[in-house]
Every structure is written in structure tokens, then in C-alpha cells.
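Participant: Submitted below is the structure of interest, expressed as C-alpha cells.
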Amino acid sequence: MADPRFFSVAGPFSVGEIARRTGAAIGGAGNVELLLRDVAALEAAGSAELSFLDNRKYLDEFRRTGAGAVFVQPALAAAAPVGATLLLTEQPYRAYAVAAQAFYPEPPPSPGIAAGASIDPTARIGEGTAVEAHAVIGPGVEIGQRCLIGANSVIAAGTVLGDDVRVGANVSISHALIGARVRLYPGVRIGQDGFGFALDSRGYVKVPQLGRVVIGDDVEIGANSTIDRGAGPDTVIGAGTMIDNLVQIGHNVQIGRGCVLVAQVGISGSTRLGDHVMIGGQGGLIGHLTIGSGARIGAQAGIMRDVAPGETVLGSPGLPIKEFFRQVAALQRLARKKDG
């Protein structure tokens, strides 16, 4: 059970209601009327709790679980303990996520302007928005309805935020147009100067960064991540993209829809990602590349060339997955010969 000091549980919900919300079929003991009061891991769940199995690694825990109901793939249903009600779906983890959102809905912001917040008289704040202590909202800012602006955050002149945007504490935003339902976690920096300099024998000459950051709907940007504004063309983050903590996105980068960037990814200026690209932790991309839609880039990969749509690359420099593992196997053979 989640700590009630931090999380408030809703419900209870019947098995039938959970099935309706998630699209799962009811199997096993089939107790449609069973009331579920919370979610829990397989090994800890009790008879009034909901759990899930999404990985065969946890089959033993599934066989022993005391959960009242479990999301599970039909192919694994035979391993269920006697008496368990099953919620059958090909995507148990996704179904669990939908159910967990029902049990733990995100509380809406408490509308109002906290003492100490500074709001320019020309800024427009939508109905139902909350502005927390010591936030600063500059001239000409437009903030949509039901937004949350966290403590000590700064929204600079001209910035536009859509409806239902959540801005964490100590965030700074400038030169940005941000869509609806975007979430910015604490410490995010959006719209600062891109890293642009012209070389000169007498030193570096800074290139004015005259673009913006344009962020689509339903984007999440993790804590302490930074997104530079464009130098002339905009930096663009496509709708539905998920960005983890400590990610750096350079100027003029264009990221498609539904991409996933894991912690400490760095993308250099003017690189373009198609839709649904996935980059593992600490992946690094040089500038001016094109990464095709559906490409997958492994953790700690160093990408120095374009990546074709749907291609999977690993290593540094990044190589197609089959070539990478052939090289690994060859090195292992050489090492064994040397040891012999």
C-alpha cells in the first residue's frame, strides 16, 4: 500500500469496473463483483488488491500470489493460483497502469495565486490555474486553464502554455510555445541560448540564438533536463514524447512524436529524430544527423552517422546490432586464444 502521507487512494472498484476501464476479459475464478481496494506487487498483494504479471521471470510469484485479481496474458493464465480472478489481456503492464491511475488519480491544482508570486499585469492566467509561492510570470505570458506553476519557477516574457500544463518547482521557461497536458519536472530549463559560436583567431564570436522551443501536447520532460532554443529554426519536441531526467537537447534539434529519451541522453544541434525513436541511457548523438522513425539506439551508444528507420544500433561508434555482436564475439574469441 502506498504511503498515505503522500498518496490518496480512490475506489474501491469492482473487478467488472476494472475490466471495463482497461478492456481486459475476466477469467480464472471470475469474481466480477469482487471489490478491489488497492494495487500491489504480486508477492505483497492481498485478497482485496490488484496486481499484474508482465514478465515470465515472476511466474513463481504469480503462482504464490494472494492477490484478489491479476492482469495476465492468456498464455500464462494456467499458472494462476486457485481462487484468483484473472483480467486477461495481451498488455498486462499497460492495463495495470490504467487501473493504477484510477486508484491514484492525480489531484487537480488548487486554483489561486500564492503570496509572494510575481505576475506581470499583462500576463493572462487561465481559469483554475494555481501559481505557487515566489513564482515569476513575465509580461505577455499566456497560461491555459487548470495549470500548475511550481514554487520559484520563472516563466519569461511571451511564453505560451496550453491547458493542464504542470510546471514543477524551480523550472525556467523562455522563448517557448508549449502544448496541452505537458509536464515539466523540477529543475527543467527550456529556451536558454543554444551553444552556438563562430570560430575566430581572436576568440569565439557568439551567434545570436533567434529561434524558439516548440513543444507538442502530452510531452513529459524529466528533472533537470535542458532544451536549448533554436538558432533561427526552432527546436521542436513532438507530441507524446517522453524525456527522462538529465537529458540535454541542443539547438535546432527536431524530435518526432512518441519518442523516448532515457536519462543522460545528449543530442547535438540540428539533429532530427523521426517518430517513435528510442534512445537508451547516456546515448550521445553528434549534430546534423537524421534518425529514422522507429530506430532504437542502445544505452551509451555514440552515434556519428545517420540511422535508418527501424534500425537498432549499439556501441560507440554506433553499429547495427548484428554487426556489433559479431565484433563482440570476435573479440571474445581473440581473448580466449590469447589466454590459451
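Participant: Within region 88-103, is even one residue over 30 Å from residue 164 (Cβ atoms), crowded, with 17+ Cβ neighbours inside 10 Å and of a type outside the set (Gly, Ala, Ser)?
Facilitator: Yes, region 88-103 contains at least one residue that is over 30 Å from residue 164 (Cβ atoms), crowded, with 17+ Cβ neighbours inside 10 Å and of a type outside the set (Gly, Ala, Ser).
Participant: Would you please name the residue that is nearest to residue 277 (Cα to Cα), looking only at residues in region 304-326 that are among the basic types (Lys, Arg) and in a helix (DSSP H, G or I)? Quick ask: steps written out before the conclusion?
Facilitator: Just the residues of region 304-326 that are among the basic types (Lys, Arg), to begin with: 305, 322, 326.
Of the ones still in play, those that are also in a helix (DSSP H, G or I) are 322, 326.
On the way: 322: 19, 326: 24 Å.
Among those that are among the basic types (Lys, Arg) and in a helix (DSSP H, G or I), it is 322.
Participant: In addition: Any residue at all in region 128-150 that's in a loop (DSSP other than H, G, I, E, B), among the charged types (D, E, K, R) and either in contact with a Leu (Cβ under 9 Å, 6 or more places away or on another chain) or modelled with pLDDT of 95 or more (or both)? Show your work before the answer.
Facilitator: Taking region 128-150 first, the residues in a loop (DSSP other than H, G, I, E, B) are 128-129, 132-135, 138-141, 144-147, 150.
From the residues that got through so far, the ones that are among the charged types (D, E, K, R) too are 132, 146.
When the remaining residues are screened for being either in contact with a Leu (Cβ under 9 Å, 6 or more places away or on another chain) or modelled with pLDDT of 95 or more (or both), the result is 132, 146.
The answer is yes; a qualifying residue exists.
Participant: What single numbered condition from (1) at pLDDT 95 or above; (2) of a type outside the set (Ser, Thr, Tyr); (3) in a loop (DSSP other than H, G, I, E, B) fails to hold for residue 202?
Facilitator: Of everything listed in (1) at pLDDT 95 or above; (2) of a type outside the set (Ser, Thr, Tyr); (3) in a loop (DSSP other than H, G, I, E, B), residue 202 misses just condition (1).
Participant: Something else now. Kindly indicate whether residue 156 is crowded, with 20+ Cβ neighbours inside 10 Å and in contact with a Ser or Thr (Cβ under 6 Å, 6 or more places away or on another chain).
Facilitator: Values: crowded, with 20+ Cβ neighbours inside 10 Å: no; in contact with a Ser or Thr (Cβ under 6 Å, 6 or more places away or on another chain): yes.
It is false that residue 156 is crowded, with 20+ Cβ neighbours inside 10 Å and in contact with a Ser or Thr (Cβ under 6 Å, 6 or more places away or on another chain).
Participant: Taking into account only those residues within region 172-192 that are over 15 Å from residue 129 (Cβ atoms) and either aliphatic (A, V, I, L, M) or in contact (Cβ under 8 Å) with a residue 40 or more places away in the chain (or both), which is surrounded by the most Cβ atoms within 10 Å (Cβ to Cβ)?
Facilitator: Within region 172-192, the match that is surrounded by the most Cβ atoms within 10 Å (Cβ to Cβ) is 190.
Participant: Report yes if some residue within region 50-61 is crowded, with 16+ Cβ neighbours inside 10 Å, in a helix (DSSP H, G or I) and polar (S, T, N, Q); otherwise report no.
Facilitator: no
Participant: Residue 115: among the small types (Gly, Ala, Ser) and modelled with pLDDT of 95 or more, yes or no?
Facilitator: Values: among the small types (Gly, Ala, Ser): yes; modelled with pLDDT of 95 or more: no.
It is false that residue 115 is among the small types (Gly, Ala, Ser) and modelled with pLDDT of 95 or more.
Participant: Return only the number of the condition from (1) on the phi < 0 side of the Ramachandran plot; (2) of a type outside the set (Ser, Thr, Tyr); (3) in contact with a Cys (Cβ under 9 Å, 6 or more places away or on another chain) that residue 240 does not satisfy.
Facilitator: (1)
Participant: If you don't mind, another one. Can you report the number of residues in region 262-303 which are aliphatic (A, V, I, L, M), assigned to a loop (DSSP other than H, G, I, E, B) and either touching a strand residue (DSSP E or B) at 6+ places or on another chain (Cβ under 9 Å) or crowded, with 19+ Cβ neighbours inside 10 Å (or both)? Spell out how you get there, then give the answer.
Facilitator: From region 262-303, those aliphatic (A, V, I, L, M) are 262-263, 265, 267, 273, 277-279, 285-286, 289, 291, 295, 297, 299, 301, 303; that's our starting set.
Now narrow it down to the ones that are assigned to a loop (DSSP other than H, G, I, E, B): 262-263, 265, 277, 286, 289, 295, 299, 301.
Next, from what is left, pick out any that are either touching a strand residue (DSSP E or B) at 6+ places or on another chain (Cβ under 9 Å) or crowded, with 19+ Cβ neighbours inside 10 Å (or both): 262, 265, 277, 286, 289, 295, 299, 301.
Total satisfying the criteria: 8.
Participant: Take residue 251 and tell me if it is modelled with pLDDT of 95 or more, part of a loop (DSSP other than H, G, I, E, B), crowded, with 24+ Cβ neighbours inside 10 Å and assigned by TED's automatic domain parsing to the domain that holds residue 295. Full working, then the answer.
Facilitator: Working: modelled with pLDDT of 95 or more: yes; part of a loop (DSSP other than H, G, I, E, B): yes; crowded, with 24+ Cβ neighbours inside 10 Å: yes; assigned by TED's automatic domain parsing to the domain that holds residue 295: yes.
So residue 251 fits the description; yes.
Participant: Starting from region 36-60, keep only residues that are within 15 Å of residue 103 (Cα to Cα), then list their pairs with residues that are assigned to a loop (DSSP other than H, G, I, E, B) and among the charged types (D, E, K, R) whose Cβ atoms are within a distance under 6 Å, requiring at least 6 positions of separation or different chains.
Facilitator: These pairs meet every condition: 48/37.
The values are calculated or read from the model by the stated rules, or taken from the named source; none is laboratory data. Keep in mind that this is a model prediction, so the values were computed, not measured. All Cβ positions, even for glycine, are placed from backbone atoms using ideal geometry, and neighbour counts span all protein chains on display.
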